[in-house]
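> Questions regarding the structure given below will be posed in turn.
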Amino acid sequence: MDEFRKQLMESSTTIVSLDTPMGDMGDDERASLVDQIADEDEIGVSDQVERADLKKRLVKAIHNLPERDRTLISLYYYEELTLKEISEVLGVSTSRVSQLHAAAVFKLRSALRVSMALAAS
């Protein structure tokens, strides 16, 4: 009986490569097993690396901003204060805070573009 169970287990075990085509996706493409079991909501490793790199560049760009811009970015994005609340902290009008915010974001975008261009070359 033990030998029968052993033989039964061995005969029912199948090894399948994750790259083996399993189904038809149309357009002459066939889905592999890894495509069918992949978690679409999970962030891929390359995306995680790109996000970490972008975060590192953004932190550096924020650090290089003038003190007032860093304060504004911190209050707006980290402390989640409204423009009105920030205007009270900085002692300027709400419309001026909006202008300063737009300028700070522009500086950050420019710094990130330069950083990404240098990394690509």
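The values are calculated or read from the model by the stated rules, or taken from the named source; none is laboratory data. If you're wondering where the values come from, they're calculated on a predicted model, not measured in any experiment. Please note: Cβ atoms are built from the backbone with ideal geometry, for glycine as well, and neighbour counts cover all protein chains shown. Heavy atoms of the whole protein, side chains included, go into the accessibility calculation; ligands, DNA and RNA do not. Shrake-Rupley method; radii C 1.70, N 1.55, O 1.52, S 1.80 Å.
> Can you tell me how many residues in the range 91-120 are closer than 17 Å to Ile62 by Cα, surrounded by 13 or more Cβ atoms within 10 Å (Cβ to Cβ) and hydroxyl-bearing (Ser, Thr, Tyr)?
1
> Kindly establish whether Asp69 is surrounded by 15 or more Cβ atoms within 10 Å (Cβ to Cβ), on the phi < 0 side of the Ramachandran plot and in contact with a strand residue (DSSP E or B) (Cβ under 9 Å, 6 or more places away or on another chain).
No, not satisfied.
> Are any of the residues in the range 74-90 touching a Ser or Thr at 6+ places or on another chain (Cβ under 7 Å), without any contact (Cβ under 8 Å) to a residue 24 or more places away in the chain and open to solvent by less than 60 Å² (accessible area, probe 1.4 Å)?
Yes, the conditions are met somewhere in the range 74-90.
> Can you pull out the residues in the range 46-66 that are within 21 Å of Val114 (Cβ to Cβ) and exposed (fewer than 13 other Cβ atoms within 10 Å of the Cβ)?
Val49, Glu50, Arg51, Ala52, Lys55, Lys56, Val59, Lys60, His63, Asn64, Pro66
> Scan the range 3-28 residue by residue and report those that are modelled with pLDDT under 70 and open to solvent by 100 Å² or more (accessible area, probe 1.4 Å).
Asp24, Met25, Asp27, Asp28, listed by residue number.
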